[in-house]
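Asks: My questions all concern the structure below.
Read-outs throughout are calculated quantities, based only on the coordinates presented, and are distinct from any laboratory measurement. Quick caveat, the model's predicted, so the values are computed rather than measured. Positions of Cβ are backbone-derived with ideal geometry, glycine not excepted, and every protein chain shown enters the neighbour counts.
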Amino acid sequence: MSSYTVVNPADETVVSVVEHQDLEATDAAIDRGQVAQRSWARVSPADKAAALRRFAAAVDGDRENLARIEVTNSGHPLTQARWEAGHVRDVLEYYSAAPERLFGRQIPVAGGLDVTFQEPLGVVGVITPWNFPMTIAAWGFAPALAAGNAVLLKPAEWTPLSSIRLGELALESGLPEHLFQVLPGRGSVVGERFVTHPAVRKVVFTGSTAVGKRVMAGCAAQVKRVTLELGGKSANIVFADSDLEKAAAAAPSGVFENAGQDCCARSRILVERSVYDRFLEPARTRRRRGARRRPARPGHRDGPARLGGALRERLRVCSARRAGALPRQRARRPRVLVPADGARPRLALRPHGDGGDLRPRRHRPSLRR
């Protein structure tokens, strides 16, 4: 098996080394999940609901620890990370009501009655991104478990630690062994196997449009169910008759929240020409006031950005050199994109529609007008 060196994006310190699952380990986990799912499907709805409530209670009791893990691994501000841990608890509590409400339908037909049932699919593979590891994972595994499925969760390579802890909490709360497994690993290995393995009956993927297309095409080959949340591009629109002070006050958090690493970050502001200059000055002031990047300190709203593709490769090289797979030849530690040194979020002005190609989604603190 290979491994990945997890780095704190705020100060570049090494947090831990996580072992990656290979193809054989992934297949073995799928086999274990099938066995666990068959037993879970026979559990009564009331007992499933109680098990999910216990899981939620375990998450609630570990909120501070989960938040600190997310601060260290993902660079999220502490206040935000605490909310995220509480959100995982809330999602589990919400879906704990589902097992007792999975009703079928009675459909009148000529000469009789048709009856339908809600039945679990089997094993569900959930592939999550690096920008909101805990919350997006919960949106996938909580409803799948509530519906009677087993879940295999593959977190992003950069940010696996909070997902690993959630897997531990599931066991500690009494959830059956192997029902919810966390499999750190490469997308090209673990994620790809979710798509190709016939026993995985659904894949939930959040990430880029390009990879999402491949996931959809692979699942189509087996007529496998798939849920995709892919790249988006959002904009704020400011008209001349709006409250410009309020608009300027709200705009920075709309894009700089989570260092701009958000599927719905409003990274463009379309301002009506007649009020463009009036809007710009308060927006600049608000941007300057918001740039505080010590994520572990309560009250600091901004954290560092995670690593880009080139830096990701450099980290892999560092990991390989530590493992002896490559010669130790100038294995310098990579720099993070937005270090914790007070660097300002980027604001680019493109007045009067001269914006160039603004379609690509930018997972970084960049705002264009």
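Asks: Rank these for me by crowding, 264, 219, going from fewest to most other beta carbons within 10 Å.
Replies: Numbers: 264 11, 219 22.
Least crowded to most crowded, the residues run 264, 219.
Asks: Further question on the same structure: Out of residues 5 or more away from residue 16 or on other chains, whose amide H comes under 5 Å of its own, with H placed 1.01 Å from N in the peptide plane?
Replies: Here 6 satisfy the definition.
Asks: Among 165, 278, 32, what is the fewest-to-most ranking by other Cβ atoms within 10 Å? Before the final figure, lay out the partial values.
Replies: Values: 165 20, 278 13, 32 17.
Exposure proxy ranking, most exposed first: 278, 32, 165.
Asks: Report, by chain and number, residues whose modeled amide H sits under 5 Å from the one on residue 240, excluding near sequence neighbours (fewer than 5 apart, same chain).
Replies: Counting only residues 5 or more places away or on other chains, the set is 272.
Asks: Could you run the Karplus curve 6.51 cos²θ - 1.76 cosθ + 1.60 with θ = phi - 60° over the stretch 204-211 and give me ³J(HN,Hα) per residue in whole Hz, x for Gly and Pro?
Replies: Couplings: 10, 10, 10, x, 6, 5, 4, 5 Hz.
Asks: Near residue 102, within a Cβ-to-Cβ distance under 10 Å, what is the net charge of the other residues, with Lys and Arg +1 and Asp and Glu -1?
Replies: Cβ neighbours under 10 Å give a net charge of 0.
Asks: If you stretched the chain out fully between residue 221 and residue 196, how much longer would it get, using 0.36 nm times the residue separation minus the C-alpha to C-alpha distance?
Replies: Result for the pair: 8.1 nm of gain on full extension.
Asks: Check each of the GluC sites (Glu not before Pro) in the stretch 145-212 and keep only those in coil by DSSP with at most 13 other C-beta atoms within 10 angstrom; list them in order.
Replies: Working: sites: 157, 168, 172, 177, 192; in loops: 157, 177.
Here the sparse-neighbourhood loop sites are 177.
Asks: A further question on this structure: May I ask you to sort 39, 74 by Cβ crowding, counting other Cβ atoms within 10 Å and putting the fewest first?
Replies: So the ranking, lowest neighbour count to highest, is 39, 74.
Asks: Right, another one. List every residue whose amide H lies under 5 Å from the amide H of residue 21, counting only residues 5 or more places away in sequence or on a different chain, with H placed 1.01 Å from N in the peptide plane.
Replies: HN-HN under 5 Å from residue 21: 185, 186.
Asks: Which ³J(HN,Hα) values, rounded to whole Hz and listed in residue order, are derived for the stretch 7-20 from phi using the Karplus coefficients 6.51, -1.76 and 1.60 in 6.51 cos²θ - 1.76 cosθ + 1.60 with θ = phi - 60°, glycine and proline given as x?
Replies: Each residue of the stretch 7-20 in turn: 10, 6, x, 7, 10, 6, 6, 6, 8, 6, 10, 10, 6, 8 Hz.
Asks: Given R₀ = 51 Å, FRET efficiency for residue 214-residue 278 by Cβ-Cβ distance, to 0.05?
Replies: 0.65
Asks: Starting from the 7 Å offset along Cα-to-Cβ, what nm value, one decimal, do you get for the label separation of residue 15 and residue 119?
Replies: 4.2
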